[in-house]
Amino acid sequence: MRVSESTGQQLREADGHGVGLGVRLDDVCVVYATKDGEGVEAVRSAEGHIADGRFVSLIGPSGCGKSTLLDVVGGLRTPVRGGVSIDGEPVTGPRRDTAMVFQEDSTLHWRTVLSNVAFGLEIAGVGRKEREAAARDMINLVGLKGFEHRHPRELSGGMKQRVAIARALLLDPRILLMDEPFGALDQQTRMFIGRELLRVWDETRKSVLFVTHDIQEAVYLSDEVWIMSARPSHIMEKIVVDLDRPRGPETLTSLRFHELTSQVWELLRAESEKVLDASGELTA
Amino acid sequence: MRVSESTGQQLREADGHGVGLGVRLDDVCVVYATKDGEGVEAVRSAEGHIADGRFVSLIGPSGCGKSTLLDVVGGLRTPVRGGVSIDGEPVTGPRRDTAMVFQEDSTLHWRTVLSNVAFGLEIAGVGRKEREAAARDMINLVGLKGFEHRHPRELSGGMKQRVAIARALLLDPRILLMDEPFGALDQQTRMFIGRELLRVWDETRKSVLFVTHDIQEAVYLSDEVWIMSARPSHIMEKIVVDLDRPRGPETLTSLRFHELTSQVWELLRAESEKVLDASGELTA
Amino acid sequence: MTTTETGIAAPPAPRPTASRSAWRLSVARAAVPVAALACWYALDPFSELVPSPTDTLGRLYGGFAEGWIYPGLAATGSAVLSGFVLGTVLAFPLGYLMGRSRTLTAIFEPLVAGTFAVPRVILYPILLAVFGVGLEAEMTMVAISAFFPVLMSTAAAVRAVSGSLLKLGRSLNASRLQLATKIVIPEAAPSIMVGIRIGFSIAFIAAIIAELFAAKAGLGLMISQAFAVLDLPRMYAIVLLVMLAAFLGNMLLWWAEGRLRRG
Amino acid sequence: GGGPSTAGPGGVGFRGEAAVAHLESIINAAPVLVAAGLGYFQDEGLDLDLVSFPGGTDTIRGIASGIPFGMPATLPGLIAFQKGQRDLRIIGGAVREPLVNFLVPVDSEIRSIDDLRGKRIAVSQPGSITTYFATRIVTERGLVPGQTVEILNVGSPPDAWTAAQQGVADVAWSALPISQRLIDEGKARLLFECKDHVPNWSDNTYWTTQSVIDDSPDILQAWLRAAQRAITAITTDLDAAAPAYARGAGIADDLARAALEQAGSAFSLEIDMPGIEENIRAGSELGQLDPAALDLERLIVTDFVAAL
Amino acid sequence: MSRAPLLAPPRVPLVHRPSFVTTARWGIVLGAVAVLELCARTGLIEPLIMPAPSAMLLRLVEVVRGDEFIGDLATTVAAVLAAFGIGATGGLLIGILFWRLPFVGATFEPYLVSLYSMPTLVFYPILLAVLGLGPAPIIAIATTMALIPVALNTMVGLNSISPTLPKLARSLNCSRRQLYLKVLAPAATPLIVPGLVLGFIYAMIGVIAMEFILASEGLGFRIGYTYRAFDMQDMYAYILVVLVIAVAANVLLNSIERRVRKDMG
Ligand SMILES: Nc1ncnc2c1ncn2[C@@H]1O[C@H](COP(=O)(O)OP(=O)(O)OP(=O)(O)O)[C@@H](O)[C@H]1O
Ligand SMILES: Nc1ncnc2c1ncn2[C@@H]1O[C@H](COP(=O)(O)OP(=O)(O)OP(=O)(O)O)[C@@H](O)[C@H]1O
Ligand SMILES: [Mg+2]
Ligand SMILES: [Mg+2]
């Protein structure tokens, strides 16, 4: 795995934290069985290390295996080869200290917004009063005040997504895995919730693996941006984002920010074109 | 309805086309019935005119009623007040010359990609051979070559979305209503499909109503960007995009493009903040 | 999937192919009756309540070889098939309508449950009074029995079809028929088929009960005749035949479901 | 259903149904099966579909709802007539002895009715004739059902026999031919026969409705003629009757012969008035019949038997 | 945009008003009763087939007041509840098994359904031998009838759940119990509850039919007894009782669905 030299700075794996700590992906390979027996090799070989407390974004062409990889890190899918370890322990199943936000709608449609948000805590055994009070704060945070007693069917796409975000954040996990959590949100809302996410992360120093298609968002939020190749995929490049924290509106206008986003963009473009090229239809 | 003056150019309704042609929204008001009897006023009053062959983007805070409005234009929902007319005829139900892409996954999971894409034509009564040949081209266009015989369950989120886009485009409708069609796509793919969309639109001069959260995308693609207010919503502002066509990479770097996106962004920010403010949690 | 220039080893061998897993399933399905037969043989010496499988299968074979089974099989078979088709053809559209309309469901659901529970034994004399002894009465009896499970399952299945697919259908200007055949029914198929399969199986027992009750011919009559003189091998042979027919019919329906879903 | 069609060369020319209780399983129906098997109905121009009903109640319902004639048990017919089916008529006797018997497993220590103290007798449904017989017979011997003897409602003869064999009951009701078969196979022993305890009993009778009598008396007459020939064959020509019965009932020839030999004397077309009155008494004891309200004059039509 | 609040209250379609539903439902019932009454009174339906509804109702009052009624009702209801309880539990377990192990499901499901075509009555002697006289054989037969629709609907219901939900549950480290009770069960409710309704009605049909032939107490026995005694008014009075139980159970079971799935009503 080549560390991008253009970051101007070598990737310091430990980055001030214990060497063994954090999430380590080791030659992860995932093949989906298909009915025709061929199988789809979704991820060929993913390697990487999310040092403890680091914010890593994962970015890559559609269908390259990002969601698949998140499942593996979350202990929801066993790779056919390789594996993931957290703080040195191999991941064999879901862990208590990990929370996930899924790409697809994962609201429980028979529950209200309030009880959806509180669901994680309910499973963890937190009492009703306590979890609902906490859930209410989180609902306010994601801008759903007033919708506590509505059912997901009565929500817009973006609102459902915010319910899932609130549920995961409420768990206050050590490791947060988010799959395009802001995909259906308008820019202002995603910036706002993104900033809140950074605040929470900063206070509690979670390790975050964050899938997004928004390059600016990735660079703005992360310590590292991992770029995945087209399928069968590996992690092609790891860009260390050396922008100062805390970041604010001025970050977005900085030259370095622009450099980094362009760099990601260039890398990504080549990969996406492979997919579209494969369709033999790309009009220059 | 105040036409944004900062566009530096008055909104010419007809824009070279017949005055009566196109889609006209007239004081559309939508209220969802809820069980508690209160009702949710999703759209208070939407007014607007998509002149024939124009590309209009609709942008607004999450939960403001964009999808609702699209449903009304598509004839899927009757407003409690006001209405939509197309070429002077009031819309009372779905029309043959309108095609929609929905925000939620709308793939038929028991059908293959090929037969999902061909589904619209199948409903329209096109023969199997013909529609499947056409569908194959469209599948190539959206970069799904090789997945013709897979089922939606075996696709990633972005791939399912592309299936829906291909299905709508294949219908070659006069009016195209798309609800965040590129939401789950990576930037390169969305640009590529966006460009293809523009090419198709340019060749066939469809009227397009395109919901997106991506301001740059909205400006890049559209003749007009409509900005919706927070709920209970109306169309707050209509920005005419006076960028030359055909647009290309140079458009993205032009000053005017930057001006327009900033303008949209400012308007939008204020609205989104209202929603988040309402939650009383906004940290300045 | 082969080793590539990047030197990454190929993943493990692919899973069994489609045809192989279908083959495995057929073997497993075939193994069930074989295992049941083995149990039957094993338990046979311990009780005289059940005849030996050899005798029973011999009788079944004899029934076909000597031809005495055909009239009964024809009578019961025609009642089952015609009644099942009739019941399904009536119940399916009604169930569909109920599933599509909350109002119809609210109105009819309790009524259906009530009439469903009316003991069949009471119904049959009424049918005899209307139709006389014969195919019509038996067929109607079968139709009524098949009607309810098909109706209730169809209604439930159609009701559960997700809103976004209906929206898609409407936006494509699908006709009511297209909406039904291309979206709602394929989506609801597994659950509809539960009702249809139950209805089909119940059809046999309904026909047999009808024949126990009043009949000129049929497998039910033959069962009661054999039972009356404790000719257990003959009785079991006929029962076996009934279940075999139901099983084969079910497999046929299963296959039809697959076709239906593929659209 | 059915009705007269254009008269064929020999006979009345009728195509239709006849309702018979336990057609294939109990000896009572033997004359009908013999008549069918030996072609007596055809000789009379009757092309009959024999419809089997599981009991007298259902048979009489069949007749009430359109089958022109049939041979149900007497008691259910009487009840139906009294409870509103005023169109029903008896036009002939059929079986004038109770053919019900009671069996014990061959190794049972029960040897007589008196040994039944503290035992369990398996009969068919509550309110059925078998229940009545069992109750009546043990009561006459000084036993009290429910106290010193238990009467269990189990079901048909095979059900009852299984119950006795499995020790769920001690005695099982039965009937020819299955009772004979169980005895022949060495499994069962005959404990007693009801005909020895219930002397006058019209077990089955030939029934029709007044409208059939009005419309097509000749068909009824033809039917009874064929039945008479069958009874004659059973009593005088077992070599012909037994195989015919065996075929109809799906049993072995020698079992059919043995059964017919034992039951032959019970078959008679004579209308057995004392037997019918005994039925009425039973019905009123069972609380199903009000003797005072029974219009026997209207119910019983003797012309047909007289004309034979 | 300063627009006067023109907002009209949301229009609720006429047909969704509960009063309309109730009126229509009772209209149908009363209409049917009226037709039957007319047919019976004019002799179009023979009294041995079906008496006039008014006569049934009058008898119903007397029957319910009678000494035996409570006992009969208790016997039958106990048997139905036992059969339904065992059948529903077994059916849920089998349904879950078939869902968890699709290969096992695909192998056994057609045989399970075909069991329905088995004339269970002929196995009564075996049940008698194994379980003895009394309610046990009746319950056993009714149980098999109740089990099958529950099993099949459970399997299909679980199959219809979006795969994201079990994924969510696993990622939250749900215990097995929580997974089933808090996620799978409510998600599959729209298909499981109809299975339970079918199962209950089949349990009831099974019990009544077996009592009709075999028992010496219970509603089914009364129906059989009055049937054989040609007491048609009494018989229909008992049938009305059966009907009421079925409707009540249906309403009860559906209210489970409404409680669990507040989002659907
Ligand atoms: N259940 C499945 N069976 C077979 N193939 C699958 C399955 N799920 C995913 N795949 C395939 O695996 C590949 C990776 O899918 P994945 O969902 O991880 O992509 P992704 O990177 O998340 O894409 P997107 O950005 O569009 O969400 C895709 O090519 C997809 O077709
Ligand atoms: N079926 C419904 N019942 C009640 N309220 C609803 C229903 N559907 C939508 N709403 C409400 O209507 C409002 C507008 O919803 P809509 O889906 O149109 O928003 P949107 O602009 O598309 O949002 P997003 O960008 O998040 O998709 C929301 O506040 C939502 O809560
Ligand atoms: Mg994904
Ligand atoms: Mg929306």
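The values are calculated or read from the model by the stated rules, or taken from the named source; none is laboratory data. This is a predicted model, so every value here is computed, not measured. Neighbour counts run over all protein chains shown; Cβ positions are idealised from the backbone, glycine included. To get the accessible areas, we keep the full protein, side chains included, count just its heavy atoms, and leave off ligands, DNA and RNA. Shrake-Rupley method; radii C 1.70, N 1.55, O 1.52, S 1.80 Å.
Computed quantities for the displayed model
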| read-out | value |
| --- | --- |
| Pick from region E:197-233, criterion in contact (Cβ under 8 Å) with a residue 12 or more places away in the chain and acidic (Asp, Glu), ranking: surrounded by the fewest Cβ atoms within 10 Å (Cβ to Cβ) | E:Glu217 |
| Sole residue being near ligand 2 (Cβ under 9 Å from one of its atoms), small (Gly, Ala, Ser) and farther than 21 Å from C:Arg176 by Cα, chosen from B:Gly60, B:Gly53, B:Gly82 | B:Gly60 |
| Filter result (open to solvent by 10 Å² or more (accessible area, probe 1.4 Å), facing chain C (nearest Cβ under 10 Å) and part of a helix (DSSP H, G or I)) within region D:61-77 | D:Arg61, D:Ala64 |
| Selection within region B:220-231 - open to solvent by less than 60 Å² (accessible area, probe 1.4 Å) and touching a residue at least 40 places away in the same chain (Cβ under 8 Å) | B:Leu221, B:Ser222, B:Asp223, B:Glu224, B:Val225, B:Trp226, B:Ile227, B:Met228, B:Ser229, B:Ala230 |
| Positions within region B:162-203 being within 11 Å of another protein chain (Cβ to nearest Cβ), within 13 Å of ligand 1 (Cβ to nearest atom) and open to solvent by less than 30 Å² (accessible area, probe 1.4 Å), in sequence order | B:Arg162, B:Ala164, B:Phe182, B:Gly183, B:Ala184, B:Leu185, B:Asp186, B:Gln188, B:Thr189, B:Ile193 |
| Residues that are buried (at least 17 other Cβ atoms within 10 Å of the Cβ) and either within 9 Å of chain C (Cβ to nearest Cβ) or under 21 Å from the mean Cα position of the chain (by Cα) (or both), drawn from region B:122-132 | B:Glu122, B:Ile123 |
| Conditions (1) in contact with a strand residue (DSSP E or B) (Cβ under 9 Å, 6 or more places away or on another chain); (2) at pLDDT 90 or above: number failed by C:Gln225 | (2) |
| Region B:47-83 - residue that is among the hydrophobic types (A, V, I, L, M, F, W, C) and within 11 Å of ligand 4 (Cβ to nearest atom) and, of those, nearest to the other protein chains (Cβ to nearest Cβ) | B:Cys64 |
| Set A:Phe210, A:Phe182: member being in contact with a Ser or Thr (Cβ under 8 Å, 6 or more places away or on another chain), within 16 Å of ligand 4 (Cβ to nearest atom) and of a type in the set (Phe, Trp, Tyr) | A:Phe182 |
| Options C:Ile196, C:Ile192; residue that is open to solvent by less than 10 Å² (accessible area, probe 1.4 Å) and either facing another protein chain (nearest Cβ under 7 Å) or modelled with pLDDT of 90 or more (or both) | C:Ile192 |
| Residue pairs meeting the criteria (Cβ under 7 Å; at least 6 apart or on separate chains; first of a type in the set (Gly, Ala, Ser), in region B:66-91; second within 16 Å of ligand 1 (Cβ to nearest atom)) | B:Ser67/A:Gly157; B:Ser67/B:Gln103 |
| Qualifying residue in region C:207-227 (condition: open to solvent by 30 Å² or more (accessible area, probe 1.4 Å), more than 12 Å from chain D (Cβ to nearest Cβ), part of a helix (DSSP H, G or I) and touching a residue at least 40 places away in the same chain (Cβ under 8 Å)) | no |
| Index of the failed condition, C:Phe116 passing every other in (1) at the interface with chain E (Cβ under 7 Å from one of its Cβ atoms); (2) under 25 Å from the mean Cα position of the chain (by Cα); (3) within 28 Å of C:Val161 (Cβ to Cβ); (4) without any contact (Cβ under 8 Å) to a residue 12 or more places away in the chain | (4) |
| Hits in region B:59-111 - residues which are among the acidic types (Asp, Glu) and either within 16 Å of ligand 3 (Cβ to nearest atom) or touching a Cys at 6+ places or on another chain (Cβ under 6 Å) (or both) | B:Glu104, B:Asp105 |
| Failed item, numbered, when A:Lys145 is tested on (1) touching a residue at least 12 places away in the same chain (Cβ under 8 Å); (2) more than 16 Å from ligand 4 (Cβ to nearest atom); (3) facing chain B (nearest Cβ under 8 Å) | (1) |
| Residue list for region D:57-95, filter: among the hydrophobic types (A, V, I, L, M, F, W, C) and more than 19 Å from D:Gln228 (Cβ to Cβ) | D:Ile60, D:Ile63, D:Ala64, D:Ile67, D:Ala73, D:Leu75, D:Leu78, D:Ile79, D:Ala80, D:Phe81, D:Leu88 |
| Number of the exception - A:Glu130 against (1) within 25 Å of B:Glu38 (Cβ to Cβ); (2) of a type in the set (Asp, Glu); (3) in a helix (DSSP H, G or I) | (1) |
| Number of the condition not met by D:Gly264 [criteria: (1) open to solvent by less than 60 Å² (accessible area, probe 1.4 Å); (2) touching a residue at least 40 places away in the same chain (Cβ under 8 Å)] | (2) |
| Test: residue in region E:239-248 that is buried (at least 22 other Cβ atoms within 10 Å of the Cβ) and away from chain C (no Cβ under 13 Å) | no |
| Qualifying positions in region C:141-177 - in contact with a helix residue (DSSP H, G or I) (Cβ under 6 Å, 6 or more places away or on another chain), more than 12 Å from chain E (Cβ to nearest Cβ) and among the small types (Gly, Ala, Ser) | C:Ala143, C:Gly169, C:Ala174 |
| Residues being open to solvent by 20 Å² or more (accessible area, probe 1.4 Å) and within 13 Å of chain C (Cβ to nearest Cβ) - total across region D:28-60 | 6 |
| Unmet requirement for B:Phe102, which otherwise passes all of (1) away from ligand 2 (no atom under 12 Å from the Cβ); (2) over 26 Å from B:Ala270 (Cβ atoms); (3) open to solvent by 10 Å² or more (accessible area, probe 1.4 Å) | (1) |
| Residue match in region D:152-168 (condition: open to solvent by 20 Å² or more (accessible area, probe 1.4 Å) and among the acidic types (Asp, Glu)) | no |
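Residues checked against (1) closer than 30 Å to A:Val126 by Cα; (2) assigned to a helix (DSSP H, G or I):
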{"site": "E:Leu152", "(1), (2)": "no, yes"}
{"site": "E:Ser162", "(1), (2)": "yes, no"}
{"site": "E:Pro186", "(1), (2)": "yes, yes"}
{"site": "E:Ala209", "(1), (2)": "no, yes"}
{"site": "E:Ser216", "(1), (2)": "no, no"}
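Conditions (1) in contact (Cβ under 8 Å) with a residue 40 or more places away in the chain; (2) away from ligand 1 (no atom under 16 Å from the Cβ); (3) of a type outside the set (D, E, K, R), marked per residue:
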| position | (1), (2), (3) |
| --- | --- |
| A:Gln216 | yes, yes, yes |
| A:Ser233 | yes, no, yes |
| A:Asp242 | yes, yes, no |
| A:Arg245 | yes, yes, no |
| A:Glu250 | no, yes, no |
| A:Leu255 | no, yes, yes |
| A:His258 | no, yes, yes |
| A:Ser262 | no, yes, yes |
| A:Trp265 | yes, yes, yes |
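Residue-wise test of (1) away from chain E (no Cβ under 14 Å); (2) surrounded by fewer than 17 Cβ atoms within 10 Å (Cβ to Cβ).
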position: D:Arg247; (1), (2): yes, yes
position: D:Ala252; (1), (2): yes, yes
position: D:Gly275; (1), (2): yes, no
position: D:Asp290; (1), (2): no, yes
position: D:Arg298; (1), (2): yes, yes
